[in-house]
1. Going through the stretch 108-118 one residue at a time, which ones are near the ligand (Cβ under 7 Å from one of its atoms) and without any contact (Cβ under 8 Å) to a residue 60 or more places away in the chain?
2. Among what's in the stretch 64-107 and is part of a loop (DSSP other than H, G, I, E, B) and in contact with a strand residue (DSSP E or B) (Cβ under 7 Å, 6 or more places away or on another chain), pick the residue that is farthest from the ligand (Cβ to nearest atom).
3. Output the residues belonging to the stretch 65-96 that are farther than 19 Å from residue 23 by Cβ, touching a helix residue (DSSP H, G or I) at 6+ places or on another chain (Cβ under 6 Å) and free of Cβ contacts under 8 Å to residues at least 40 places away in the same chain.
4. Is it the case that residue 31 is touching a helix residue (DSSP H, G or I) at 6+ places or on another chain (Cβ under 7 Å), loosely packed, with under 15 Cβ neighbours inside 10 Å and at pLDDT 95 or above?
5. Report, by residue number, each residue of the stretch 24-36 that is away from the ligand (no atom under 16 Å from the Cβ) and either free of Cβ contacts under 8 Å to residues at least 60 places away in the same chain or not in a strand (DSSP E or B) (or both).
6. Note down all Cβ pairs under 6 Å where the first residue falls in the stretch 37-57 and is more than 19 Å from residue 9 (Cβ to Cβ) and more than 10 Å from the ligand (Cβ to nearest atom), the second is modelled with pLDDT under 95 and assigned to a helix (DSSP H, G or I), and they're at least six residues apart or on different chains.
7. Suppose the filter is in a helix (DSSP H, G or I) and within 26 Å of residue 32 (Cα to Cα); does residue 123 pass it?
8. Quick one: what pairs do we get from the stretch 148-163, first residue under 13 Å from residue 135 (Cβ atoms), second assigned to a loop (DSSP other than H, G, I, E, B), C-beta under 7 Å, 6+ apart or different chains?
Ligand SMILES: C[S@@+](CC[C@H](N)C(=O)[O-])C[C@H]1O[C@@H](n2cnc3c(N)ncnc32)[C@H](O)[C@@H]1O
């Protein structure tokens with residue numbers, strides 16, 4: 001189980017951000033190909049699959065087998081057939097080349113063993129006009145979430161994303177505890 005997962009987590013998180021609204025706000029639309037890297041228990045994976053619909057596709061990867069099982073179970077319960085979910089390291093995962101409209105990281109960039117490698121894989125997977133989206137905790141103390149010392153500030157995240165060859169498109173607050181950086185390959 002992820003160190004940040006606990007019973008009732010989904011309900012609590014929905015008080016901070018609504019995944020459906022967040023995904024709409026970053027431009028997710030019907031028919032798109034969306035990649036949820038470090039997908040966890042599917043807080044964003046499942047709403048993304050509902051939003052892209054049967055003409056779209058969601059690829060999801062996580063190193064935690066129990067998390068991926070939970071994503072598959074939730075997909076089956078909802079009759080979603082447009083999710084490909086696998087257990088694996090994001091550092092070793094390239095689902096396909098230049099095929100993604102959106103590569104999405106949610107509260108995970110700081111967890112990767114090698115964020116630069118994961119960003120380089122993201123660049124490879126994105127279409128030329130695709131979008132990288134990095135949603136993360138602000139680097140400040142909060143009641144929940146990872147320890148402040150391992151969090152990336154907006155500036156740290158932007159620097160890593162730039163170093164991987166992306167152009168930053170926008171940096172926005174997502175409520176008082178989170179930010180969203182979007183970038184183009
Ligand atoms: C804080 S959780 C976030 C999960 C999900 N993105 C969300 O918003 O609910 C971080 C997830 O990243 C996964 N993870 C950490 N390092 C990873 C890696 N190198 N490759 C794949 N998944 C990884 C963990 O197993 C965990 O499920």
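The values are calculated or read from the model by the stated rules, or taken from the named source; none is laboratory data. Quick caveat: nothing in here was measured; it's all calculated off a predicted structure. Methodologically, a virtual Cβ is constructed for each residue, glycine included, from the backbone with ideal geometry; neighbour enumeration extends over all protein chains shown.
1. 113
2. Of the stretch 64-107, the ones part of a loop (DSSP other than H, G, I, E, B) are 64, 79-82, 88-89, 93-99, 107.
Subset that is in contact with a strand residue (DSSP E or B) (Cβ under 7 Å, 6 or more places away or on another chain): 82, 88, 93, 95, 98-99, 107.
Numbers: 82: 18, 88: 7, 93: 7, 95: 13, 98: 22, 99: 19, 107: 5 Å.
Across the stretch 64-107, the extreme among qualifying residues is 98.
3. 87, 91, 94
4. Numbers: touching a helix residue (DSSP H, G or I) at 6+ places or on another chain (Cβ under 7 Å): yes; loosely packed, with under 15 Cβ neighbours inside 10 Å: yes; at pLDDT 95 or above: yes.
Spelling it out, residue 31 is indeed touching a helix residue (DSSP H, G or I) at 6+ places or on another chain (Cβ under 7 Å), loosely packed, with under 15 Cβ neighbours inside 10 Å and at pLDDT 95 or above.
5. Just the residues of the stretch 24-36 that are away from the ligand (no atom under 16 Å from the Cβ), to begin with: 24, 27, 29-33.
If the condition is that a residue be away from the ligand (no atom under 16 Å from the Cβ) and either free of Cβ contacts under 8 Å to residues at least 60 places away in the same chain or not in a strand (DSSP E or B) (or both), then 24, 27, 29, 30, 31, 32 are the ones that fit.
6. none
7. Working: in a helix (DSSP H, G or I): yes; within 26 Å of residue 32 (Cα to Cα): yes.
Against the criterion (in a helix (DSSP H, G or I) and within 26 Å of residue 32 (Cα to Cα)), residue 123 qualifies.
8. The qualifying pairs are 151/139; 152/139.
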